[in-house]
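A short worksheet on the structure shown next.
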Amino acid sequence: MTEERKISIVLAGQGNAGKSTIFNYLTGLHQHTGNWAGKTIEKFEGTLYYKGYTIDVIDLPGIYSLTTYSVEEVISREYIIKQKPDVVINIIDSTNLERSLIFTLQLLELECPVILALNMVDLARKKGVTIDSAKLQNIINAPVIPTIASRGSGLTDIVDKAIELKEGNLEYKVPRYGKEIENRIEDLSQYVKDVDLPYPERWIAIKLLEKDRDIVTSIREKDPRILREAGEAITKLEKIHGHDSSVVISDERTLLASHITREIVDIKPHRKLSLNERLEIITTHKVIGYFLMILILGAMFVGVFSFGNWLSSLFESVFQNWHEWWNNEVGTTFTATLGWAAVESVLALIQIALPYILPFYILLYVLEDWGYIARISFLMDNFMHKMGIHGKGIISFIIGLGCNVPGCLSCRIMESKRERFITAVLVTLVPCSAVSVIIFGLVGKYVGILWAFSLYLFALIVIFLAGKLSSKFMGGEPVELIMHMPDYKTPNLKTILSETWDALKEFVYIAAPIVIISGVFIQVINLAGWMPAISSFLSPVTEKWLGLPAVTGILLIFGILRKELILVMLAAYLGTTNFIEVLSPQQMITLSVVSMFYVPCVATISVLWKDFGWKKAMAVCILEILFAIVIAGIVRRALDLVF
Amino acid sequence: MNINKGQVRLLDLEDGQTGIIISINGGKMLTKRLADLGLSTGTKIKILRKTPFSGPVQVEVRGSKLVLGRGLAFKIMVEIQ
């Protein structure tokens with residue numbers, strides 16, 4: 001036994017099997033996120049101190065298989081093979097057992113110590129499915145532990161088992177497939193024996209038969225003769241089975257998974273439709289489903305913004321004298337003014353984050369954990385397809401309504417680079433809470449609530465057309481949607497809070513620092529007295545083309561920091577918060593339209609920059625500025641006909 | 001593309017109908033991808049519901065529910081049960 005008593009475990013499994021719930025339960029506050037080396041995919045790490053052990057936990061990305069189809073899959077299998085964690089915990093959605101076992105077999109092929117966590121056994125039981133975990137343990141010769149992650153049940157058993165695996169020398173056995181395939185694997189393993197690669201021989205043999213891109217390349221470098229042997233084996237296999245050997249191997253796993261499932265599962269079908277099944281039918285109904293979706297999202301949106309306005313004005317009354325206090329106590333010197341710029345940015349961030357973004361994300365993750373967001377993806381897939389992306393993209397749009405930063409970051413769930421970019425660009429056109437503050441504060445309050453909602457409809461049309469255009473411009477076929485539809489379940493408070501915090505964390509750690517720094521920077525420009533020059537420089541656009549007061553030029557510069565600044569500073573420059581005295585309805589609507597589209601805020605730009613490079617980020621900004629100016633000018637002229 | 005008698009596109013099944021996957025009219029990548037997800041030839045697949053305006057289809061495969069894009073459902077050939 002080593003003195004340090006360290007154990008490393010990784011969590012592997014599909015996205016919605018409860019992996020992150022288990023990760024959060026095990027590591028609690030001792031977690032940190034980073035990126036996988038050279039990738040924009042997040043890496044979640046945490047530490048657990050238990051029974052004198054220091055246990056490092058890594059949460060692998062949620063994946064369906066261990067091929068080379070996506071970056072996530074490659075990262076996961078490379079990590080398991082090369083880092084050789086002491087234990088791999090495979091978290092399985094028990095309501096989705098058979099298909100999950102296909103992944104388990106792939107894990108076992110890697111010849112690493114695996115513990116199976118049969119999660120959500122309670123939900124499976126509700127559906128009339130009982131799983132004989134002892135029998136499963138015998139068949140695959142790896143520990144199997146039934147868990148209910150949302151209640152924390154079974155989770156300490158997993159850790160105890162992991163310690164046992166680490167300390168003892170528990171044997172594990174690889175899954176065996178059909179006889180003639182096993183013969184091929186065995187033959188090939190003989191050839192692979194002397195090749196110097198960090199992978200198990202048997203696994204290399206299987207991957208060669210599966211024509212795995214990465215493994216074939218590695219073998220070609222080491223000993224190309226082996227490829228000839230593999231080629232012969234493949235030809236034999238394909239002759240017998242009549243289709244591609246890569247599919248033959250997949251089919252073998254599927255067949256084995258299905259055999260195992262039949263051995264261990266007992267299903268008692270319900271006669272009556274359960275409440276959840278009824279809900280399923282209603283919420284995905286051809287007509288009622290869409291109606292309900294608009295109702296639910298609309299209610300959520302209106303609810304959050306009424307609450308937000310109330311709370312925000314409460315904050316307003318608390319903060320209102322602070323500036324005066326600062327000027328009196330700290331002074332109005334150059335540094336003091338810059339100091340106030342920083343403080344003001346923090347206060348403004350609080351006024352956006354707590355009243356609007358926080359409640360918005362809590363409700364969103366209630367819907368997500370309940371299972372409703374997957375239904376929205378289902379209902380909206382066709383609409384999203386017209387923009388060249390698939391149904392999952394709608395999730396990023398909805399997140400973007402809260403704040404564009406987590407919205408853009410969430411595009412990482414899209415499968416291809418092309419999809420990720422299109423979705424991110426479209427998210428920057430989604431009116432975030434800050435833009436909504438402008439829309440409701442100007443148009444909603446003084447022109448009419450229907451006008452405010454028309455602006456959202458207008459944004460939707462713009463996003464749709466922009467999507468159509470960009471998918472045409474980018475070329476390529478959209479990836480088809482393949483998504484697991486989770487059953488409805490009671491939302492779990494802990495999961496909701498931790499997901500909300502994850503989204504809010506991105507706002508706090510990524511958006512906030514950039515906003516504060518650039519807030520100070522712009523104040524420097526202001527103190528240098530360059531603002532009038534800027535506003536007169538921009539006046540051909542603001543005054544002549546858009547018909548707005550010249551001061552809006554300055555506002556739009558500040559708005560790059562945080563969009564709601566446009567409203568705050570408008571009041572400061574025009575000397576009143578009763579905007580109807582100084583702006584006509586046309587001007588209010590025009591200003592809102594410009595604010596919606598003219599450029600993503602600095603924080604969002606930084607995310608685009610990080611994920612897609614500065615060239616693309618800049619191109620998006622320039623295009624959106626030009627587009628906003630043109631479209632707002634047209635809107636302005638159209639409005640002059642109406643009012 | 002050869003379409004035999006009794007063999008239809010998954011998309012052509014009605015809600016509630018079950019078929020057995022016969023072939024996939026797509027590239028090797030797609031066939032392999034679907035096989036890894038448990039949608040190989042010989043697999044029973046049931047249409048739970050389709051959406052209007054050429055939306056995706058919801059299916060049941062191996063005891064779990066999946067949503068497949070319409071383009072995919074177009075490429076999967078099944079024999080009606």
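A single member of A:ARG99, A:ARG125 is touching a residue at least 24 places away in the same chain (Cβ under 8 Å) and not in a loop (DSSP other than H, G, I, E, B), and it is A:ARG99.
Residues that are of a type in the set (D, E, K, R), facing chain A (nearest Cβ under 8 Å) and either in a loop (DSSP other than H, G, I, E, B) or surrounded by fewer than 19 Cβ atoms within 10 Å (Cβ to Cβ) (or both) within region B:50-75 comprise just one, B:ARG62. The single condition from (1) within 12 Å of another protein chain (Cβ to nearest Cβ); (2) closer than 25 Å to A:THR490 by Cα; (3) at pLDDT 90 or above that A:LEU297 fails is (1).
Taking the criterion of being part of a loop (DSSP other than H, G, I, E, B) and farther than 20 Å from A:ILE131 by Cα, the residues of region A:243-270 that qualify are A:HIS243, A:ASP244. Filtering region A:395-422 to residues that are within 11 Å of the chain's Cα centre (by Cα) and within 14 Å of another protein chain (Cβ to nearest Cβ) leaves A:ILE395, A:MET414. Going through (1) free of Cβ contacts under 8 Å to residues at least 60 places away in the same chain; (2) out of contact with any Leu (no Cβ under 9 Å at 6 or more places or on another chain) one by one, A:ILE240 falls short only on (1).
Of the candidates A:PHE360, A:PHE315, A:PHE334, A:PHE305, the single residue that is touching a residue at least 40 places away in the same chain (Cβ under 8 Å), farther than 26 Å from A:PRO431 by Cα and away from chain B (no Cβ under 14 Å) is A:PHE334. Do we find a residue being part of a helix (DSSP H, G or I) and either surrounded by 24 or more Cβ atoms within 10 Å (Cβ to Cβ) or not assigned by TED's automatic domain parsing to the domain that holds A:VAL508 (or both) anywhere in region A:412-421? No, region A:412-421 contains no residue that is part of a helix (DSSP H, G or I) and either surrounded by 24 or more Cβ atoms within 10 Å (Cβ to Cβ) or not assigned by TED's automatic domain parsing to the domain that holds A:VAL508 (or both). When region A:237-249 is limited to residues that are modelled with pLDDT of 90 or more and charged (D, E, K, R), the one that is nearest to B:GLY38 (Cα to Cα) turns out to be A:GLU238. One residue stands out among those in region A:505-538 that are among the β-branched types (Val, Ile, Thr) and under 26 Å from the mean Cα position of the chain (by Cα): the one that is surrounded by the most Cβ atoms within 10 Å (Cβ to Cβ), which is A:VAL515. Criterion applied to A:ASP132, A:ASP187, A:ASP196, A:ASP214 was being farther than 29 Å from A:ARG5 by Cα, more than 14 Å from chain B (Cβ to nearest Cβ) and under 32 Å from the mean Cα position of the chain (by Cα), and the one residue passing it is A:ASP214. The requirement of being more than 8 Å from chain A (Cβ to nearest Cβ), in contact with a Pro (Cβ under 9 Å, 6 or more places away or on another chain), surrounded by fewer than 21 Cβ atoms within 10 Å (Cβ to Cβ) and under 25 Å from A:GLY371 (Cβ atoms) is fulfilled nowhere in region B:8-22; no residue meets it. State all residues of region A:618-638 that are crowded, with 19+ Cβ neighbours inside 10 Å and farther than 20 Å from A:SER470 by Cβ; if no residue qualifies, say none. Selection gives A:ALA632, A:VAL635, A:ARG636.
Listed by position, the helices (runs of 4 or more DSSP H) enclosed by region A:423-522 include none that has at least 3 residues that are within 14 Å of another protein chain (Cβ to nearest Cβ), touching a helix residue (DSSP H, G or I) at 6+ places or on another chain (Cβ under 8 Å) and over 30 Å from A:GLN586 (Cβ atoms). Only one of the numbered conditions (1) touching an Asp or Glu at 6+ places or on another chain (Cβ under 9 Å); (2) assigned to a strand (DSSP E or B); (3) within 14 Å of chain B (Cβ to nearest Cβ) is not met by A:GLN106, and that is (2).
Out of A:GLU277, A:GLU252, A:GLU344, one residue alone is surrounded by 13 or more Cβ atoms within 10 Å (Cβ to Cβ), modelled with pLDDT under 90 and within 14 Å of another protein chain (Cβ to nearest Cβ). It is A:GLU277.
The number of residues in region B:36-81 being in contact with a helix residue (DSSP H, G or I) (Cβ under 6 Å, 6 or more places away or on another chain) and within 17 Å of A:VAL479 (Cα to Cα) comes to 9. Reported count of residues in region A:35-70, each being modelled with pLDDT under 80, under 30 Å from A:THR254 (Cβ atoms) and more than 14 Å from every other protein chain (Cβ to nearest Cβ), is 3. In contact with a strand residue (DSSP E or B) (Cβ under 7 Å, 6 or more places away or on another chain) and of a type outside the set (Phe, Trp, Tyr) - does that describe any residue in region A:371-380? Within region A:371-380, one or more residues are in contact with a strand residue (DSSP E or B) (Cβ under 7 Å, 6 or more places away or on another chain) and of a type outside the set (Phe, Trp, Tyr). Among the residues of region B:30-39, those identified as crowded, with 24+ Cβ neighbours inside 10 Å, within 21 Å of B:ILE80 (Cα to Cα) and either free of Cβ contacts under 8 Å to residues at least 40 places away in the same chain or at the interface with chain A (Cβ under 7 Å from one of its Cβ atoms) (or both) are B:ALA35, B:GLY38, B:LEU39. Would you please name the residue that is farthest from A:LEU209 (Cα to Cα), looking only at residues in region A:28-81 that are assigned to a strand (DSSP E or B) and touching a Gly at 6+ places or on another chain (Cβ under 6 Å)? In this case the residue turns out to be A:GLN31. If I ask for residues that are surrounded by 19 or more Cβ atoms within 10 Å (Cβ to Cβ) and under 15 Å from A:GLU78 (Cα atoms), which ones from region A:202-217 would you list? A:TRP203, A:ILE204, A:LYS207, A:ASP212, A:ILE215, listed by residue number.
Taking the condition touching a residue at least 24 places away in the same chain (Cβ under 8 Å), within 11 Å of chain B (Cβ to nearest Cβ) and closer than 21 Å to A:SER76 by Cβ, does A:ILE91 pass? No. Entry remark, region A:128-152: residues being among the basic types (Lys, Arg) and either in a strand (DSSP E or B) or in contact (Cβ under 8 Å) with a residue 60 or more places away in the chain (or both) number 1 in total.
The values are calculated or read from the model by the stated rules, or taken from the named source; none is laboratory data. Given the structure is predicted, the values throughout are model-derived calculations rather than measurements. We place every Cβ from the backbone using ideal geometry, glycine too, and count neighbours over all the protein chains shown.
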